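Engineer: Structure incoming, see below.
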Amino acid sequence: MDKKFMARALLISQKALPDCQPNPPVGCVIVCDGEIVAEGYTRKPGEYHAEADALSRFAGDLSECDVYVTLEPCSFTGRTPSCAKALASRRPRRVIVSILDSDPRNQGAGIQILQCAGIAVETGILADDVNIWLSSYLYQC
Ligand SMILES: [Zn+2]
């Protein structure tokens, strides 16, 4: 099931281009009781990231819901508030992340914010497929 929903997040992330640039095209799916209740993708710079886009489309309780996102949620406040903090405040049951963000401001810090908030985090789901699509848009050393 995790792969199926991550594949959906990967598919919708393609809608983010080209408007999202220079931010990476990320997709997010919120699943409650086996059903997708909201989807999001990265909007124009200064507007919603994928996670915030999806969270804005579902106002309900997330305590029995899982959030799938293709890239580690941002830990830092840039043009928009931190997605990791926004997710943490909504308290989903689990956050499933495909790949970590190579941006030096992130690199696991987004995962840590969620784990410190007591939220179960899983990483690496469909990582090969997501890497093929996303790696050229990520921070390069
Ligand atoms: Zn973000």
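Engineer: Where the centre of each part is set by its Cα atoms, how far does region 96-126 sit from region 1-77, in angstrom?
Structural biologist: Cα centroid to Cα centroid, the span is 14 Å.
Engineer: Determine the calculated [θ] at 222 nm for the chain from helices alone, applying -39500 (n - 2.57) to every DSSP H run no shorter than 4 residues and normalising by the residue count; nearest 500 deg cm²/dmol. Working shown, then result.
Structural biologist: Details: 5 runs with 43 residues, N = 141.
One gets -8500 deg cm²/dmol as the mean residue ellipticity at 222 nm.
Engineer: Residues with beta-carbon under 14 Å from that of Gln115, excluding Gln115: net charge, scoring Lys, Arg +1 and Asp, Glu -1?
Structural biologist: On the way: positive: Lys85, Arg91, Arg93, Arg94; negative: Glu72, Glu122.
So the environment of Gln115 carries a net charge of +2.
Engineer: So if I place +1 on the C-beta of Lys and Arg and -1 on the C-beta of Asp and Glu, and nothing else carries charge, what would the dipole magnitude of the chain be about its Cα centre? I want it in debye, nearest 20.
Structural biologist: It comes to approximately 280 debye.
Engineer: Report, for region 1-131, the % of DSSP beta bridges that are antiparallel, rounded to 5. Let's see the in-between values first.
Structural biologist: Working: 11 of 20 bridges.
Of the beta bridges lying entirely in region 1-131, close to 55 percent run antiparallel.
Engineer: Going by how many other beta carbons lie within 10 Å of each one, how would you line up Tyr48, Tyr41, Tyr68, fewest first?
Structural biologist: Tyr48, Tyr41, Tyr68
Engineer: Test of understanding: what is the full-extension gain from Glu122 to Glu64, defined as 0.36 nm times their sequence separation minus their Cα-Cα distance?
Structural biologist: Residue separation times 0.36 nm, minus the Cα-Cα distance, leaves 19.3 nm.
Engineer: Excluding same-chain pairs closer than 8 in sequence, count the lysine pairs in the chain whose Cα atoms lie under 23 Å apart.
Structural biologist: Final tally of qualifying lysine pairs is 4.
Engineer: I'd like to verify something in the chain: which complete DSSP H helices, judged by Cα projection on the helix axis, reach 15 Å or more and average at least 0.0 on the Kyte-Doolittle scale? All intermediate terms of the calculation are to be shown ahead of the outcome.
Structural biologist: Values: long enough: 2-13 (16 Å, 0.32).
Result, helices passing both filters: 2-13.
Engineer: Could I ask something else about it? Using mean Cβ contacts within 10 Å as the protection proxy, how do 131-139, 59-67 order, highest first? Show your work: numbers first, answer last.
Structural biologist: Values: 131-139: 14.6, 59-67: 16.1.
Highest to lowest by the protection proxy: 59-67, 131-139.
Engineer: When a/c reaches 1.5 or more, the comparison of a/b and b/c decides; with that in mind, is the chain rounded, prolate or oblate per its Cα gyration tensor?
Structural biologist: Rounded, because the longest to shortest axis ratio a/c is under 1.5.
Taken together, the values in this text are just the output of simple stated rules run on the coordinates, not laboratory data. As the structure is a prediction and not an experimental result, all values here were calculated from the model. Note: ideal-geometry Cβ built from the backbone for every residue, glycine included; neighbour counts use all protein chains shown.
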